[in-house]
Amino acid sequence: MLKAIVYKEWIKIKRVSLFLLLIGVLIVIGIYSNVRHELIIKDAESYWNGILQQRAIWFYVLKFVPLIVGLLIAVAQFVPEIVDKRIKLTLHLPTNEETIVLKMVLFGFFCTTLILSVFMGMFLGMGAYFFPQEIVWVSFLTTAPWFLAGIAAYFLISFIVLEPLWKQRIFYMLFGAAFLGTFFKGNFPGTNEYLLWPFVGLIACISIATLFSIYRFRKGEM
Amino acid sequence: MENVVECINLTHYYGKKMVYENLNFNIKRGSILGLLGKNGAGKTTTINIINGFLTPKSGKCMILGEDSRYLSSKTKAQIGYLIEGHVQYAFMNIYQIEKFYSGFFPNWKREAYFDLMAKLKVTPKQKISTMSCGQRSQVALGLILAQDPELLVLDDFTLGLDPGYRRLFIDYLRDYAKETNKTIFTTSHIIQDMERLIDDCMIMDYNRVLAYMPVKKFLNDFREYTIELENPDIGVALEGPIVNLEKMHNKLEIYTYAAPEEIKGYLDAKGLGYTNFKEVDMSLEDAFIGLTGKY
């Protein structure tokens, strides 16, 4: 049964996942091509000075990439379920309704996390080639909330897309935008270091929000 | 004979708008009930309640002995469900969708599905979204046949089908249901050909059931008479044995369960002058329109 769910979900998100993976990899490569260019071709001293003294962030281009990944995967996975109320087909399958939706969300979360992990791994790995460990660590602390925002976006968009009524959807969108905004506060490296665990806690809370949408659907909110 | 579906005192409202109150019906094993009604009469609401997608304001539906609000996985496996418009996972092709569903049903009969698919002129990788409505109806039907459920719940399956596919769908379904003693609950607002399929009919108008009986009895008992009024300006009330009326100029169509003599007696008693009294043969579609009205 799990195999069948994974099979269907992968059909829906396969293209967008591979596309996002490719784009993200190119962006990370682009970031370090630029770093290499600055260090080797241009003025390495002023570049270092910018990073160490002026706390410049050389990877701003990465800021909203995880958010877009989470958003597009959730849209690709759940919009086909609500078109023509196809979610009825899923809920009619001979298994517990909540369990099947949670399995779908779990698979989407897994794919989102996998893609973001590849980005993060490449970003830190390539960073370690150019920068000392301390700078790599700070860049991790800076980007971690952005990556967490990607995962939060996945859960929030899944919840919003599955919500049966537009009025509620718009309300949740406004709430979601404000919530996701908190992951991007601060313009200095490592600003949100002490918020990482609270962010993880909040994400854990919203991870099961889709169950509320399903509950509302089954109550007849259509 | 055991009831596969029992709906008891179903009442539902959307906000303050009443869909129906105290609706009662049941479906015996092996029989086919058609819930016929115009758009907005409450057909899909009933389907949603039966499938557990909607909690009625009061009353309940028992499906294969279980309350529809709390259907177990085992019971859901025994219910084949066709959504209005033959909606399926349109992003899949016919092989992918079969592979997906087969993972949920231990007694999956893939031959039944592929036998039907072999008749379709679709390419192996063609997505369902690019198929015609008729082809999609066959995919949906094939999946139900492969699932081999005890109860088939079909929501307005005739929607969008051309006459050929509609006839094919109905004949295939009827043969399958009768050979294997399946129970079917179907809704439709297109009545053409439905008498080929259903055993019992429940005709709904807004808020109420107008008729609930075996379709043969309905076709036998429900009658249309036409008369020509001598005074076309005279008004005829909906009362006594008259169930519905349609008036055009001096021609009056009378729909009733009464025999010709009773209607003639009633018209005479009311002092209505008329000529050319005729009884008209009706198909199920004619009778449906006669009962529910043209508007």
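Out of all the residues in the stretch A:117-136, which are under 30 Å from residue A:45 (Cα atoms) and either within 14 Å of another protein chain (Cβ to nearest Cβ) or among the β-branched types (Val, Ile, Thr) (or both)?
Within the stretch A:117-136, A:135, A:136 qualify.
List the residue pairs whose Cβ atoms are under 6 Å apart, where the first residue sits in the stretch B:229-256 and is at positive phi, the second is crowded, with 16+ Cβ neighbours inside 10 Å and of a type outside the set (Gly, Ala, Ser), and the two are 6 or more positions apart or on different chains.
B:240/B:266
In a strand (DSSP E or B), open to solvent by less than 10 Å² (accessible area, probe 1.4 Å) and assigned by the TED database to the domain that holds residue B:7, is that true of residue B:209?
Details: in a strand (DSSP E or B): yes; open to solvent by less than 10 Å² (accessible area, probe 1.4 Å): no; assigned by the TED database to the domain that holds residue B:7: yes.
Considered against the rule, which asks whether it is in a strand (DSSP E or B), open to solvent by less than 10 Å² (accessible area, probe 1.4 Å) and assigned by the TED database to the domain that holds residue B:7, residue B:209 comes out as no.
Return the residues of the stretch A:166-222 that are over 30 Å from residue B:19 (Cα atoms) and of a type in the set (Asp, Glu); say none if nothing qualifies.
Once the filter is applied, which keeps residues that are over 30 Å from residue B:19 (Cα atoms) and of a type in the set (Asp, Glu), the stretch A:166-222 yields only A:193.
Please tell me if residue A:142 is over 17 Å from residue A:163 (Cα atoms), within 14 Å of chain B (Cβ to nearest Cβ) and open to solvent by less than 60 Å² (accessible area, probe 1.4 Å). Explain how you work it out, then say what you get.
On the way: over 17 Å from residue A:163 (Cα atoms): yes; within 14 Å of chain B (Cβ to nearest Cβ): no; open to solvent by less than 60 Å² (accessible area, probe 1.4 Å): yes.
Spelling it out, it is not the case that residue A:142 is over 17 Å from residue A:163 (Cα atoms), within 14 Å of chain B (Cβ to nearest Cβ) and open to solvent by less than 60 Å² (accessible area, probe 1.4 Å).
Just one of B:255, B:266 is of a type outside the set (A, V, I, L, M, F, W, C) and either closer than 30 Å to residue B:199 by Cβ or part of a strand (DSSP E or B) (or both); which is it?
None of the others qualify; the one that does is B:255.
With B:63, B:32 as the choices, which residue is within 14 Å of another protein chain (Cβ to nearest Cβ), in contact (Cβ under 8 Å) with a residue 40 or more places away in the chain and open to solvent by less than 10 Å² (accessible area, probe 1.4 Å)?
Values: B:32 fails: within 14 Å of another protein chain (Cβ to nearest Cβ).
So the residue among B:63, B:32 that is within 14 Å of another protein chain (Cβ to nearest Cβ), in contact (Cβ under 8 Å) with a residue 40 or more places away in the chain and open to solvent by less than 10 Å² (accessible area, probe 1.4 Å) is B:63.
So which of B:116, B:152, B:120 is of a type outside the set (Phe, Trp, Tyr), more than 12 Å from chain A (Cβ to nearest Cβ) and touching a residue at least 60 places away in the same chain (Cβ under 8 Å)? First the steps, then the outcome.
Details: B:116 fails: touching a residue at least 60 places away in the same chain (Cβ under 8 Å); B:120 fails: touching a residue at least 60 places away in the same chain (Cβ under 8 Å).
When all the criteria are applied, what remains is B:152.
Kindly provide the set of residues from the stretch B:112-126 that are farther than 18 Å from residue B:169 by Cα and in contact with a helix residue (DSSP H, G or I) (Cβ under 9 Å, 6 or more places away or on another chain), ordered by number. Even if it seems obvious, please write down each step before you answer.
To start, the set of residues in the stretch B:112-126 that are farther than 18 Å from residue B:169 by Cα comprises B:123-126.
B:124, B:125, B:126, listed by residue number.
Which condition breaks for residue B:159 when tested against (1) open to solvent by 40 Å² or more (accessible area, probe 1.4 Å); (2) under 29 Å from residue B:103 (Cβ atoms); (3) part of a helix (DSSP H, G or I); (4) of a type outside the set (Asp, Glu)?
Only one criterion in (1) open to solvent by 40 Å² or more (accessible area, probe 1.4 Å); (2) under 29 Å from residue B:103 (Cβ atoms); (3) part of a helix (DSSP H, G or I); (4) of a type outside the set (Asp, Glu) is unmet by residue B:159, namely (3).
Being crowded, with 22+ Cβ neighbours inside 10 Å and either modelled with pLDDT under 90 or within 8 Å of chain A (Cβ to nearest Cβ) (or both) is the filter here; which residues of the stretch B:68-88 pass it?
Across the stretch B:68-88, the qualifying residues are B:76, B:79, B:81, B:83, B:86, B:88.
Considering only helices (runs of 4 or more DSSP H) fully contained in the stretch A:22-116, which possess at least 2 residues that are closer than 24 Å to residue B:103 by Cβ and away from chain B (no Cβ under 14 Å)? Walk me through how you get there before you give the answer.
Working: elements: A:44-52, A:65-82, A:87-92.
Here the list reads A:65-82.
State which residue is nearest to the chain's Cα centre (by Cα) when the search covers only the stretch B:212-252 and only residues that are part of a strand (DSSP E or B) and of a type in the set (Val, Ile, Thr). Can you show your working first?
Here is the first cut: in the stretch B:212-252, the residues part of a strand (DSSP E or B) are B:212-214, B:223-229, B:242-248, B:251-252.
If we keep only those that are of a type in the set (Val, Ile, Thr) as well, we get B:226-227, B:242-243.
On the way: B:226: 28, B:227: 31, B:242: 25, B:243: 21 Å.
Only one residue fits best here, namely B:243.
For the stretch A:146-185, give me each residue that is more than 18 Å from residue A:24 (Cβ to Cβ) and among the aromatic types (Phe, Trp, Tyr).
If the condition is that a residue be more than 18 Å from residue A:24 (Cβ to Cβ) and among the aromatic types (Phe, Trp, Tyr), then A:155, A:159, A:166, A:171, A:172, A:175, A:179 are the ones that fit.
Select from the stretch A:163-194 the residues that are under 17 Å from the mean Cα position of the chain (by Cα) and among the aliphatic types (A, V, I, L, M) and list them in ascending order.
A:173, A:177, A:178, A:180
Among the candidates A:156, A:162, single out the residue that is aliphatic (A, V, I, L, M), within 14 Å of another protein chain (Cβ to nearest Cβ), within 30 Å of residue B:14 (Cα to Cα) and open to solvent by less than 20 Å² (accessible area, probe 1.4 Å).
Step by step, each of A:156, A:162 is checked, and only A:162 is aliphatic (A, V, I, L, M), within 14 Å of another protein chain (Cβ to nearest Cβ), within 30 Å of residue B:14 (Cα to Cα) and open to solvent by less than 20 Å² (accessible area, probe 1.4 Å).
The conditions are (1) more than 9 Å from chain A (Cβ to nearest Cβ); (2) open to solvent by less than 20 Å² (accessible area, probe 1.4 Å); (3) touching a helix residue (DSSP H, G or I) at 6+ places or on another chain (Cβ under 6 Å), and residue B:144 fails exactly one of them. Which is it?
Answer for residue B:144: the failing condition is (3).
Could you please give the count of residues in the stretch B:273-295 that are surrounded by 16 or more Cβ atoms within 10 Å (Cβ to Cβ) and more than 21 Å from residue B:204 (Cβ to Cβ)?
Taking the stretch B:273-295 first, the residues surrounded by 16 or more Cβ atoms within 10 Å (Cβ to Cβ) are B:274, B:282, B:284, B:286-292.
From the residues that got through so far, the ones that are more than 21 Å from residue B:204 (Cβ to Cβ) too are B:274.
Adding up the residues that qualify gives 1.
Where the second residue is part of a helix (DSSP H, G or I) and hydrophobic (A, V, I, L, M, F, W, C) and the first is farther than 17 Å from residue B:108 by Cα and at the interface with another protein chain (Cβ under 7 Å from one of its Cβ atoms) and lies in the stretch A:1-14, which pairs have Cβ atoms under 8 Å and are six or more apart or on separate chains?
Taking only residues 6 or more apart or on different chains, the pairs are A:7/B:100; A:8/B:100; A:12/A:76.
Going by what's in this entry, would residue A:148 be described as away from chain B (no Cβ under 14 Å), among the hydrophobic types (A, V, I, L, M, F, W, C), open to solvent by 70 Å² or more (accessible area, probe 1.4 Å) and within 16 Å of the chain's Cα centre (by Cα)?
On the way: away from chain B (no Cβ under 14 Å): yes; among the hydrophobic types (A, V, I, L, M, F, W, C): yes; open to solvent by 70 Å² or more (accessible area, probe 1.4 Å): no; within 16 Å of the chain's Cα centre (by Cα): yes.
It is false that residue A:148 is away from chain B (no Cβ under 14 Å), among the hydrophobic types (A, V, I, L, M, F, W, C), open to solvent by 70 Å² or more (accessible area, probe 1.4 Å) and within 16 Å of the chain's Cα centre (by Cα).
The values are calculated or read from the model by the stated rules, or taken from the named source; none is laboratory data. Predicted model, so just to flag it, every value in this text is computed and none were measured. Methodologically, a virtual Cβ is constructed for each residue, glycine included, from the backbone with ideal geometry; neighbour enumeration extends over all protein chains shown. Only protein heavy atoms, including side chains, enter the accessible area calculation; ligands, DNA and RNA are left aside. Shrake-Rupley method; radii C 1.70, N 1.55, O 1.52, S 1.80 Å.
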